[in-house]
Amino acid sequence: MELLLTAEPITAQRAYELGLVNKVVPLSDLVVEAQRMAMTIADNAPLSVQAGKALVYASAEMGWTAALDTGDRIYERVYLSADGQEGPRAFKEKRKPKWKGR
């Protein structure tokens, strides 16, 4: 509310404290940090990444209850997929999952 009503500029550190940005790094570290984050995302189950993005975009346009229902619908396909079974199996077997995107 403060940001909306005062329209005062804030520092990157303050934006981080407010949860508006995930991380603040020196400019010299920016590319390396962005690549690290991209690799972390790429290592995740592709269906889960797709579902997560779809849920964020869909829920931005609806109320809380509708967003929860939409989340259930979006993630049902993920939980029932081969990757949905691979994740817990790999965890149980103490190995890195082998995602297939299906």
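Only the coordinates and a few stated rules stand behind these numbers; no lab work does. Note that this is a predicted model, so its numbers are computed, not measured. Please note: Cβ atoms are built from the backbone with ideal geometry, for glycine as well, and neighbour counts cover all protein chains shown.
Some notes on this structure:
- GNM top mover of 68, 20, 47 - the chain, alpha-carbon springs below 10 Å: 20
- GNM result for the chain, Cα springs below 10 Å: residue of 55, 18, 80 fluctuating most strongly: 18
- Arranged from fewest to most other beta-carbon atoms within 10 Å of their beta carbon, 11, 70 become 11, 70.
- Under 20 Å from the residue 50 label point (7 Å along Cα→beta-carbon), backbone N, the stretch 65-102: 70-88, 97-102
- Shape category assigned to the chain from the gyration tensor of Cα positions, a/c cut at 1.5: oblate
- Estimated 222 nm signal from helices in the chain, with DSSP H stretches of n ≥ 4 weighted -39500 (n - 2.57), rounded to 500: -19000 deg cm²/dmol
- Among 73, 89, 14, residue whose mean-square fluctuation peaks in a GNM of the chain (springs only between Cα atoms under 10 Å): 14
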